[in-house]
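Take a look at the structure set out below.
The values are calculated or read from the model by the stated rules, or taken from the named source; none is laboratory data. Computed from a prediction, not measured in an experiment: that's the story for all the values here. Every residue, glycine among them, receives a Cβ derived from its backbone with ideal geometry; neighbour counts consider all protein chains shown. Ligands, DNA and RNA are stripped out before the accessible areas are found, and what is left, the full protein with its side chains, is counted by its heavy atoms. Shrake-Rupley method; radii C 1.70, N 1.55, O 1.52, S 1.80 Å.
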Amino acid sequence: MTKLIALFMAMLALIQFIKPLGLPGLKRRQDAWKLAVAGVGLMFLFILLTAGFK
């Protein structure tokens with residue numbers, strides 16, 4: 001599941017770099033790093049939740 005999240009967030013960052021998404025906080029091409037940070041945080045949260053239930 002974390003690989004899918006990483007792939008999805010990488011695709012969003014690439015799209016943001018090519019043509020900005022226009023969402024609040026994502027108006028410029030340089031804002032692609034925010035998507036990368038969000039993806040890492042989401043993966044970290046998912047790993048913590050999965051490890052907590054085992």
**Study point:** 0 to 90° range, to nearest 10: angle between helix 2-18 axis and the chain longest Cα axis
**Key:** 10
Check your understanding: With charges set only on the Cβ (+1 for Lys and Arg, -1 for Asp and Glu), what does the dipole of the chain come to about its Cα centre, in debye to the nearest 20?
Key -> 120
Review point. How large, in percent, is the carbon and sulfur part of the accessible surface of the chain at a probe radius of 1.4 Å?
Key: 79
Exercise for review: Show which lysines lie in cross-link reach of residue 54 when reach means a straight Cα distance below 16 angstrom and same-chain residues fewer than eight apart are skipped.
Suggested key: none
Check your understanding: Tell me, what are the semi-axes, in whole angstrom and largest first, of the equivalent ellipsoid of the chain as set by the roots of 5 times the Cα gyration tensor eigenvalues?
Key -> 26, 10, 7
Point to revise | lysines whose Cα lies under 22 Å from that of residue 34, excluding same-chain neighbours fewer than 8 positions away | key: 3, 19
Review point. Helix 32-52 sits at what angle to the longest principal axis of the chain, using alpha carbons and giving 0 to 90 degrees rounded to 10?
Key: 10
**Study point:** Accessible surface, the chain, averaged per residue in Å² (probe 1.4 Å)
**Key:** 81
Review point. Of 35, 20, 47, whose Cα points farthest to the positive end of the dipole of the chain (charges on the beta-carbon: +1 Lys, Arg; -1 Asp, Glu; origin at the Cα centre)?
Key: 20
Study note, to complete from the structure: Output row, site residue 47, 7 Å Cα→C-beta label point, backbone N cut-off 17 Å, window the range 6-31, residues 6-10
